[in-house]
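Visitor: Right, I'll just put the structure down here and ask away after.
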Amino acid sequence: MSSAAISETKGGDRPPEKDRKKDVPAPRMQFDDKNRVEKAKKRALVKKIEARNRVELFRHLPQYEQGTQLPDLESRFFHLDTMHPAVYKVGLQYLAGDVVGANARCVAMLQAFQQAIKDYSTPREKALGRDLTARISGYVSFLNECRPLSISMGNAIRFLKARITKLSLTLSESEAKAALYSDIERFMNEKIVLAGRVITRQAVMKIRDGDVLLTYGSSSVVEMILLHAYELGKQFRVIVVDSRPKFEGRALLRRLVRKGLSCTYTHINAVSYIMHEVSRVFMGAESVLSNGTVYSGIGTACVAMVAHAFRVPLLICCEAYKFHERVQLDSVCSNELGDPDVISKVPGRLDVNYLDNWTSNDNIQLLNLMYDATPSDYISMIITDYGMIPTTSVPVIVREYGREHLLI
């Protein structure tokens, strides 16, 4: 066999060098780089004031004063001609905290893009593909300024841009817009709605009569699993573990009790006392990374470690569109910082005011991390819409999911 044929055989499945370079994600913004930060400020639509008491270890992440951006953005609603009203509305909801959760945020963004595409018209002497991609990039930058995008949202954006570049040049504008609209609709239905149902059907098989199931925070997929198992007549008890400052588990607890499930509620500081009763732990995820690390709400890693110490199986329920090729070993290099003020107060305890006016003291820095990284060693199984897999099979899902994007 000739050397040319051998090289062709070896590299037959590989994309050309140019295409591979296009697939490499752009480096994330480092907020300790003053020059890049100044350039970003000039382009920004959301005016932000840098926090006074910045935490040194996390200077590479955005740290801004909270509570000033929303009124400023609302006052400029009629002056931002380039921003579609639907995208603007979603940005305000992100900023106000009205839309939370990976799935809810992704669906809200895609629905806003659907509306923007529906109202789009190609300017004269411009190609639809290039101009619409530029518009979408502008919308993405605006949403990222309102709140940093989740990994799953990044995957959805990449999917949409890939569909725009693959539009046939023979299509009219209305046909191209209709095709993109239906592609987004299909993505939401198949990758989020139907994926949740598939995960629910698979996870229910792991619940037996007499089980005590523990969950942390509030995951929409885990809630569907628990409700479906209860509807099937399975007898089990649920322990909802919660933590400050969000107390997301309270809303989940109310919904489960309203449906008739037997529940126990506790805080994360008591998880080691209650873990000996638990049969299985079910938790959702913000993302699953290529090395099997689960990136999820802060406190997830703590619950996972306690479960591992007590030899309790931990099952992570996560849709495949949240999987990502990134590798992460800690919660420092990439994270999101929440409002530090919320951890200076204790709800219902006005007498606990030791940290009032903490910003006036330069020696105090408060850190409110939003996410943590759970190592793959603590995870027994990941339940996805592709089936139940060990953490070592995550790269396979990432590869197959990427291939499916090319063919969809």
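The values are calculated or read from the model by the stated rules, or taken from the named source; none is laboratory data. Model, not experiment: these values are computed from the prediction. FYI the Cβ positions are ideal-geometry reconstructions off the backbone, even for glycines, and counts take in every protein chain you see. Note: accessible area is taken over every heavy atom of the protein model, side chains too, but ligands, DNA and RNA are not part of it. Shrake-Rupley method; radii C 1.70, N 1.55, O 1.52, S 1.80 Å.
Visitor: Determine if the stretch 275-293 includes at least one residue that is touching a helix residue (DSSP H, G or I) at 6+ places or on another chain (Cβ under 8 Å) and at positive phi.
Guide: Yes, the stretch 275-293 contains at least one residue that is touching a helix residue (DSSP H, G or I) at 6+ places or on another chain (Cβ under 8 Å) and at positive phi.
Visitor: If only one of TYR321, TYR354, TYR378 is surrounded by fewer than 20 Cβ atoms within 10 Å (Cβ to Cβ) and not assigned by the TED database to the domain that holds LEU110, which one is it?
Guide: TYR354
Conditions (1) within 23 Å of ALA179 (Cβ to Cβ); (2) hydrophobic (A, V, I, L, M, F, W, C); (3) modelled with pLDDT under 85; (4) in contact with a helix residue (DSSP H, G or I) (Cβ under 6 Å, 6 or more places away or on another chain), marked per residue:
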site	(1), (2), (3), (4)
LEU80	no, yes, yes, no
VAL87	yes, yes, no, yes
LEU92	no, yes, no, no
VAL99	no, yes, no, yes
GLN114	yes, no, no, yes
SER121	yes, no, no, no
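Visitor: Of LEU110, LEU160, LEU132, LEU143, which residue is among the aliphatic types (A, V, I, L, M), in contact (Cβ under 8 Å) with a residue 60 or more places away in the chain, open to solvent by less than 20 Å² (accessible area, probe 1.4 Å) and touching a helix residue (DSSP H, G or I) at 6+ places or on another chain (Cβ under 9 Å)?
Guide: LEU110
Visitor: Pick from ARG326, ARG349, ARG311: which is open to solvent by 20 Å² or more (accessible area, probe 1.4 Å) and at pLDDT 95 or above?
Guide: Among ARG326, ARG349, ARG311, only ARG311 is open to solvent by 20 Å² or more (accessible area, probe 1.4 Å) and at pLDDT 95 or above.
Okay, residues lined up against (1) in contact with an Asp or Glu (Cβ under 9 Å, 6 or more places away or on another chain); (2) closer than 30 Å to TYR120 by Cβ; (3) surrounded by 16 or more Cβ atoms within 10 Å (Cβ to Cβ); (4) modelled with pLDDT under 95:
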site: LYS191; (1), (2), (3), (4): yes, yes, yes, yes
site: GLY210; (1), (2), (3), (4): no, no, no, yes
site: THR215; (1), (2), (3), (4): yes, no, yes, no
site: ILE225; (1), (2), (3), (4): no, no, yes, no
site: HIS228; (1), (2), (3), (4): no, no, yes, no
site: ILE239; (1), (2), (3), (4): yes, no, yes, no
site: SER243; (1), (2), (3), (4): no, no, yes, yes
site: GLU248; (1), (2), (3), (4): yes, no, yes, yes
